[in-house]
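S.K.: Take a look at the following structure, please.
The values are calculated or read from the model by the stated rules, or taken from the named source; none is laboratory data. Computed from a predicted model, the values in this text were never measured in an experiment. Glycine gets a Cβ as well: all are built from the backbone with ideal geometry, and neighbour counts include every protein chain shown. All accessible areas refer to the heavy atoms of the entire protein, side chains included, with ligands and DNA or RNA removed. Shrake-Rupley method; radii C 1.70, N 1.55, O 1.52, S 1.80 Å.
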Amino acid sequence: MKPELLPVIGPARFRSPILLASGTCGYGLEILEAGALEGAGGLVTKATTLEPREGNRPPRIAETEYGLLNSIGLANPGVEAVIEKVLPRLEGFPCPVIVNVAGDTAGEFAEVVSRLESSGVHCGYELNVSCPNVENGGMAFGVLPRLVEEITRLARSRTARLLSVKLTPNGGDILEAAAAAEAGGADAVTVCNTFLGMKIDWRTGTAALSRGTGGYSSPALLPLVVARVWQVSRRVGIPVIASGGAWTAEAVLELMSAGARAVQVGTRVLRDPFAPARIHAKLLELVSE
Amino acid sequence: MTDCDASVKAVEQVGPGIFRIVLLAPGTARESLPGQFLMIEASPGPFPLLRRPFTVSSADRAGGTLELLFRVTGGGTGALSRLSRGDSVRVLGPLGRGWPVSDGRWLLVGGGMGAAGFPFLASRLGPHDILLGAGNAASLAWTPPGALLATEDGSAGTKGLVTCLLDRIDPFSYERIAVCGPVAMMRAVVAALPPGVRASTLVSLESRMACGWGVCGGCAVPASGGGFLRCCADGPVFEASELDWDRIEEAAP
């Protein structure tokens, strides 16, 4: 396989196939300040909602023996603050920025996209129809193809920029959801969000996270994501962006072999903000062999 | 924020489950300020998945070394305690906002391993007094000359909690009061101080952290005005009045 090293997805072009996953790089300011964007083809911001959200009560994270559970709860300053205070600071950002968008209704998703259109800083949107950490939120949408299509169609009507729909591995049929996103006019699908997980102290019966369940991420998820990327990319004609389990350059190439046009790196970046450059350098070395 | 390979110069056990590690990391040692912390990757493999946060116990700018004091509480700290001279660990830092060091007189109040960062702070302060508490004498990780001590079993200093030492000092004689220890201890110390000095009281918090550099939102700390602050980037040193102690205690693991 000869992977495309400068992927084009819809109307957007990326500097490398390695994207920073939503929730693991904030709005890019810290990683920009650290000078750690080398190797990153693009960056997906934190989920942005219509109103500001405080996020969930702590504890919000719990490490398990082989992974990380999180339940942040889409904490974000709200779309207006993002437009006024955050995006202007990303002017001239070294790589394309995709804004991750979340909402409680299809109308809310479209409204957030609509308002963000006033900024020229970002190249597109990732619709988060799959967050496992909010009560009436994303995940219910993500398992219902009809709703995925409606949300996508409505958002599509507001923007000509890149539109990717981030799908859930938790319940429902991810292939049907991917087909619905394509039917709604998405340029791509992101496969996939974190896996619903939970940690309980068996001695006390208490959950490690305040909300009980959370989203599970780990390099050990790689085969699960490879399978989903492989299946989805055979079902739909639009590009697939892989997300989950990508810890190494080898994992990135494996996900691309499964059909991904680009691969998001997330939890690895939390541990190592300079990982994109390390993974990219290794990837170039591997493909030139 | 830089990420470097630090070489281990020494690891020694200094108390029950308490270790001292010395790392050679000249750039990080030069940049570090009292109250800041480091995210340390003790093992190059993928697990444990996350780095672990450690406050800087002392930094020798000339020698390029950093010292950490820590108690083994799980896999990450366990791996760190088993390192030996010549091994290498990755060190991300310095991170967070530390103590606002100033020239006036300070009071340092430490509980258990909460005192781990105080040697560094004390080394950069002018006049200061120190109150330290722990379960027993062996658990006092740091006992500088002149410090007033309290232990629950009476094996060192006064028998009792560190709060019982507060009536031996004049809280109004300090420019700043720095408190670090378990949540209940910090809360008790803040509550025992006269209202007039609370405005100058600072605490340093601990939290579970995923990134340590401000992006993940995992280390949210309840703020007094509602909402949350990030322990890693807004802290770990906070004005005691910035925090909602009821909600912090509720969420303490």
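S.K.: Tell me which of these residue B:76 doesn't satisfy, since it passes every other one: (1) touching a residue at least 40 places away in the same chain (Cβ under 8 Å); (2) small (Gly, Ala, Ser); (3) crowded, with 17+ Cβ neighbours inside 10 Å.
M.R.: (1)
S.K.: Just a yes or no: is a residue in segment B:113-131 among the aliphatic types (A, V, I, L, M), assigned by TED's automatic domain parsing to the domain that holds residue B:174 and more than 24 Å from residue B:23 (Cβ to Cβ)?
M.R.: Let us first name the residues in segment B:113-131 that are among the aliphatic types (A, V, I, L, M), namely B:113, B:115-116, B:121-122, B:125, B:130-131.
In the following step, the residues that additionally are assigned by TED's automatic domain parsing to the domain that holds residue B:174 were identified as B:113, B:115-116, B:121-122, B:125, B:130-131.
Pick out the ones that are also more than 24 Å from residue B:23 (Cβ to Cβ) and you get B:130-131.
Yes; the residues of segment B:113-131 include at least one that is among the aliphatic types (A, V, I, L, M), assigned by TED's automatic domain parsing to the domain that holds residue B:174 and more than 24 Å from residue B:23 (Cβ to Cβ).
S.K.: If you don't mind, another one. Can you name the number of the only condition in (1) within 16 Å of residue B:4 (Cα to Cα); (2) away from chain A (no Cβ under 13 Å) that residue B:71 fails?
M.R.: Unmet for residue B:71, out of (1) within 16 Å of residue B:4 (Cα to Cα); (2) away from chain A (no Cβ under 13 Å): (1).
S.K.: Further question on the same structure: Give segment B:195-249 a look and list any residue that's at the interface with another protein chain (Cβ under 10 Å from one of its Cβ atoms), among the aromatic types (Phe, Trp, Tyr) and touching a residue at least 40 places away in the same chain (Cβ under 8 Å), or say none.
M.R.: Matches in segment B:195-249: B:213 only.
S.K.: Taking the condition at pLDDT 95 or above, buried (at least 24 other Cβ atoms within 10 Å of the Cβ) and either within 19 Å of the chain's Cα centre (by Cα) or not small (Gly, Ala, Ser) (or both), does residue A:86 pass?
M.R.: Numbers: at pLDDT 95 or above: yes; buried (at least 24 other Cβ atoms within 10 Å of the Cβ): no; either within 19 Å of the chain's Cα centre (by Cα) or not small (Gly, Ala, Ser) (or both): yes.
No: the conditions fail for residue A:86.
S.K.: Among B:53, B:46, which is open to solvent by 30 Å² or more (accessible area, probe 1.4 Å), without any contact (Cβ under 8 Å) to a residue 12 or more places away in the chain and either in contact with a Phe, Trp or Tyr (Cβ under 7 Å, 6 or more places away or on another chain) or assigned to a strand (DSSP E or B) (or both)? I'd like the intermediate steps shown before the answer.
M.R.: Working: B:53 fails: without any contact (Cβ under 8 Å) to a residue 12 or more places away in the chain.
Only one candidate qualifies: B:46.
S.K.: Please work out which one of (1) buried (at least 18 other Cβ atoms within 10 Å of the Cβ); (2) at pLDDT below 95 is the condition residue A:239 fails and give its number.
M.R.: Of everything listed in (1) buried (at least 18 other Cβ atoms within 10 Å of the Cβ); (2) at pLDDT below 95, residue A:239 misses just condition (2).
S.K.: Write out, first by first residue and then by second, each pair whose Cβ atoms fall under 9 Å of each other, whose residues are 6+ apart or on separate chains, and whose first residue, in segment B:132-151, is at positive phi while the second is open to solvent by 30 Å² or more (accessible area, probe 1.4 Å).
M.R.: Note: pairs meeting the criteria are B:146/B:129.
S.K.: Something else now. Please list, ordered by first then second residue, the pairs with beta carbon atoms under 9 Å, 6 or more apart or interchain, first in segment A:269-289 and more than 10 Å from every other protein chain (Cβ to nearest Cβ), second open to solvent by 40 Å² or more (accessible area, probe 1.4 Å) and among the polar types (S, T, N, Q).
M.R.: The qualifying pairs are A:279/A:248; A:282/A:248.
S.K.: So, in segment A:16-67, how many residues would count as being among the hydrophobic types (A, V, I, L, M, F, W, C), more than 20 Å from residue A:190 (Cα to Cα) and facing chain B (nearest Cβ under 10 Å)? Break it down into steps so the answer makes sense when it comes.
M.R.: Going residue by residue through segment A:16-67, those that are among the hydrophobic types (A, V, I, L, M, F, W, C) are A:18-21, A:25, A:29, A:31-32, A:34, A:36-37, A:40, A:43-44, A:47, A:50, A:61-62.
After this cut, where a residue has to be more than 20 Å from residue A:190 (Cα to Cα) as well, the list is A:29, A:31-32, A:34, A:36-37, A:50, A:61-62.
Keeping just the survivors that are facing chain B (nearest Cβ under 10 Å) gives A:29, A:31, A:34, A:36, A:61-62.
So the answer is 6.
S.K.: Please tell me if residue B:125 is among the hydrophobic types (A, V, I, L, M, F, W, C) and either surrounded by 23 or more Cβ atoms within 10 Å (Cβ to Cβ) or within 14 Å of another protein chain (Cβ to nearest Cβ) (or both).
M.R.: no
S.K.: Report those helices (runs of 4 or more DSSP H) wholly inside segment B:172-253 carrying at least 2 residues which are over 19 Å from residue B:111 (Cβ atoms). Break it down into steps so the answer makes sense when it comes.
M.R.: Numbers: elements: B:183-192, B:195-198, B:245-251.
Where helices (runs of 4 or more DSSP H) fall fully within segment B:172-253 and carry at least 2 residues being over 19 Å from residue B:111 (Cβ atoms), they are B:195-198, B:245-251.
S.K.: Hey, another quick one. Among the listed residues B:86, B:63, identify the single one that is part of a loop (DSSP other than H, G, I, E, B), out of contact with any strand residue (DSSP E or B) (no Cβ under 7 Å at 6 or more places or on another chain), touching a residue at least 12 places away in the same chain (Cβ under 8 Å) and farther than 26 Å from residue A:30 by Cβ.
M.R.: Details: B:86 fails: out of contact with any strand residue (DSSP E or B) (no Cβ under 7 Å at 6 or more places or on another chain).
The conditions single out B:63.
S.K.: Do any helices (runs of 4 or more DSSP H) entirely within segment A:172-282 hold 2 or more residues that are in contact with a Cys (Cβ under 9 Å, 6 or more places away or on another chain) and at negative phi, and if so, which?
M.R.: On the way: elements: A:174-183, A:222-235, A:249-257, A:267-271.
By residue number, A:222-235, A:267-271.
S.K.: Here's something else I'd like to know. Which residue out of A:188, A:208 is within 14 Å of another protein chain (Cβ to nearest Cβ) and not aromatic (Phe, Trp, Tyr)? Spell out the reasoning first.
M.R.: Working: A:188 fails: within 14 Å of another protein chain (Cβ to nearest Cβ).
Residue meeting the stated conditions: A:208.
S.K.: Considering only segment B:14-41, state which residues are in contact with a Phe, Trp or Tyr (Cβ under 8 Å, 6 or more places away or on another chain) and within 14 Å of chain A (Cβ to nearest Cβ).
M.R.: Answer for segment B:14-41, where residues must be in contact with a Phe, Trp or Tyr (Cβ under 8 Å, 6 or more places away or on another chain) and within 14 Å of chain A (Cβ to nearest Cβ): B:38, B:39, B:40.
Matching residues to (1) aromatic (Phe, Trp, Tyr); (2) in contact with a His (Cβ under 6 Å, 6 or more places away or on another chain); (3) open to solvent by 10 Å² or more (accessible area, probe 1.4 Å):
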| position | (1), (2), (3) |
| --- | --- |
| A:7 | no, no, no |
| A:15 | no, no, yes |
| A:31 | no, no, no |
| A:36 | no, no, no |
| A:46 | no, no, yes |
| A:67 | no, no, no |
| A:78 | no, no, no |
| A:93 | yes, no, yes |
| A:96 | no, no, yes |
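S.K.: Another question about this same structure. Just one of the numbered conditions (1) within 17 Å of residue A:128 (Cβ to Cβ); (2) of a type in the set (A, V, I, L, M, F, W, C); (3) away from chain B (no Cβ under 14 Å); (4) without any contact (Cβ under 8 Å) to a residue 40 or more places away in the chain is not true of residue A:6; which one?
M.R.: (1)
S.K.: Does any residue of segment A:52-65 turn out to be of a type in the set (Ser, Thr, Tyr) and touching a helix residue (DSSP H, G or I) at 6+ places or on another chain (Cβ under 7 Å)? Show your work before the answer.
M.R.: The first filter runs over segment A:52-65 and keeps only residues of a type in the set (Ser, Thr, Tyr), leaving A:64.
Now restrict to residues that are touching a helix residue (DSSP H, G or I) at 6+ places or on another chain (Cβ under 7 Å): none.
Among the residues of segment A:52-65, not one is of a type in the set (Ser, Thr, Tyr) and touching a helix residue (DSSP H, G or I) at 6+ places or on another chain (Cβ under 7 Å), which makes the answer no.
S.K.: A further question on this structure: Within the bounds of segment A:127-137, is there any residue that is surrounded by fewer than 21 Cβ atoms within 10 Å (Cβ to Cβ), in contact with a strand residue (DSSP E or B) (Cβ under 9 Å, 6 or more places away or on another chain), of a type in the set (A, V, I, L, M) and in a loop (DSSP other than H, G, I, E, B)?
M.R.: no
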